[in-house]
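Below is one structure; the comments refer to it alone.
Please treat every number below as a calculation from the coordinates, not as lab data. Remember, predicted model here, so these are calculated numbers, not experimental data. When we count neighbours, we look across all protein chains shown, and the Cβ atoms used for this are built from the backbone with ideal geometry, even at glycine.
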Amino acid sequence: MFALEVLNPVAQSEGETKVSKAARRARSLDGLTLGLIWNSKRGGELALMKAGELVSNKYKNVKVIRYDGSMPCEKELMKKARQESDIFIGSTGD
């Protein structure tokens, strides 16, 4: 008889975990500025660019700004994205 050991694939969390309230949702994305924040992990930029394309195709007059960051995302970059974008999407990769 064989024994099978099952391992948990979830990595241990590094640093603090913060739980906050969900952001208010926009009724429409028409005319808004969408920020795309990438943390520089390979492949994440592809997902972001596709998301930006899909949003731009579905809504009118959407301005898309891409922000290239690092891990963890720099506080100054997040501050800039908040100031320049109405909404934003963040992405990792791999």
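Report the semi-axes of the equivalent ellipsoid for the chain in whole Å, largest first, where each axis is √(5λ) for an eigenvalue λ of the Cα gyration tensor. The partial results should precede the final answer.
Working: eigenvalues 202, 58, 40 Å².
Listed largest to smallest, the semi-axes of the chain are 32, 17, 14 Å.
For Lys79, give me every one of the lysines with a C-alpha distance below 22 angstrom, ignoring sequence neighbours fewer than eight places off in its own chain.
Lys18, Lys21, Lys41, Lys63
Round to the nearest 0.05 the FRET efficiency obtained for Leu77 and Val6 when R0 = 41 Å and r is the Cβ-Cβ distance. Mind dumping the intermediate values first?
Details: r = 39 Å, r/R0 = 0.95.
The computed FRET efficiency comes out at 0.60.
Between Ala11, Ala47, Ala81, find the one with the highest GNM mean-square fluctuation for the chain; connect C-alpha pairs within less than 10 Å.
Comparing Ala11, Ala47, Ala81 in a Gaussian network model of the chain, the most mobile one is Ala11.
What ranking do Ser20, Ser28, Ser70, Ser91 get, fewest neighbouring Cβ atoms within 10 angstrom at the top?
Starting with the residue having the fewest Cβ neighbours, the order is Ser20, Ser28, Ser70, Ser91.
Within a 10 angstrom radius of the beta carbon, how do Thr33, Thr92 rank from fewest other beta carbons to most? Display every interim value, and only then the final one.
On the way: Thr33 16, Thr92 13.
So the residues, fewest neighbours to most, are Thr92, Thr33.
Give the lysines reachable from Lys58 as a straight Cα distance under 20 Å; neighbours fewer than 8 places away on the same chain don't count.
The reachable lysines, counting only those whose Cα sits under 20 Å from Lys58, are Lys50.
Where a Cα-Cα gap under 16 Å defines reach, which aspartates and glutamates qualify for Lys60, not counting those fewer than 8 residues away within the same chain?
Asp30, Asp86
Which FRET efficiency, nearest 0.05, do Ile87 and Ser40 yield, Cβ-Cβ r, R0 25 Å?
On the way: r = 21 Å, r/R0 = 0.85.
The pair Ile87/Ser40 has a calculated efficiency of 0.70.
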